[in-house]
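So the structure is just underneath, and the comments pick up after that.
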Amino acid sequence: MKRTKEEKRRRIHYRIRKKISGTAETPRLSVYKSNTAIYCQLIDDVNGHTLAAASSKEANASSGTKSEQAKAVGALIAEKAKSANILSVAFDRGGYLYHGRIKALADGAREGGLQF
């Protein structure tokens, strides 16, 4: 039986998660995108805590293209990470291709000062 697009993404995400894990010093920057918004979290997998979160609904990025909104979300999560004394993260693209909105979010986070 043919797999749906969501099932394919989940299988890829499981493969990525086998290799990437977040700690308190280097949390995992997890990304999820829907048709209308993009969300990201800084996660400490050792303790099971979310350290910071940002979304395009929260950011003042309601205008502009989706890629511009994603870049604003990346800058916002970098700002929140700096306030929590986090400088480096492990990027978890969530099974999505590193292209378009995912790449824009990563570029915004890098410009904001995060290292990954």
Seminar exercise, completed: Going through the range 12-24 in order, the residues found to be of a type outside the set (S, T, N, Q) and surrounded by 12 or more Cβ atoms within 10 Å (Cβ to Cβ) are 12, 13, 16, 17, 20, 22, 24
Problem set entry | Single unsatisfied condition, residue 95 versus (1) touching a strand residue (DSSP E or B) at 6+ places or on another chain (Cβ under 9 Å); (2) modelled with pLDDT under 95 | (1)
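Select the strands (runs of 3 or more DSSP E) contained entirely in the range 38-116, then report the ones holding at least 1 residues which are in contact (Cβ under 8 Å) with a residue 40 or more places away in the chain. Lay out the reasoning, then the answer.
On the way: elements: 38-44, 49-55, 90-92.
Because the criterion is at least 1 residues that are in contact (Cβ under 8 Å) with a residue 40 or more places away in the chain, the strands (runs of 3 or more DSSP E) in the range 38-116 that meet it are 38-44, 90-92.
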For this session: Could you grab me the full set of residues in the range 78-116 that are closer than 25 Å to residue 5 by Cβ, among the hydrophobic types (A, V, I, L, M, F, W, C) and surrounded by fewer than 17 Cβ atoms within 10 Å (Cβ to Cβ)?
Result: 97
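Looking at the structure I just gave you, is residue 25 part of a helix (DSSP H, G or I) and more than 10 Å from the chain's Cα centre (by Cα)?
Values: part of a helix (DSSP H, G or I): no; more than 10 Å from the chain's Cα centre (by Cα): yes.
Criteria not met by residue 25.
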For this session: Residues being exposed (fewer than 10 other Cβ atoms within 10 Å of the Cβ) and outside any loop (DSSP other than H, G, I, E, B): count how many of those fall in the range 28-37.
Result: 0
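The values are calculated or read from the model by the stated rules, or taken from the named source; none is laboratory data. In this text the structure is predicted, and so the values were computed from the model without any measurement. FYI the Cβ positions are ideal-geometry reconstructions off the backbone, even for glycines, and counts take in every protein chain you see.
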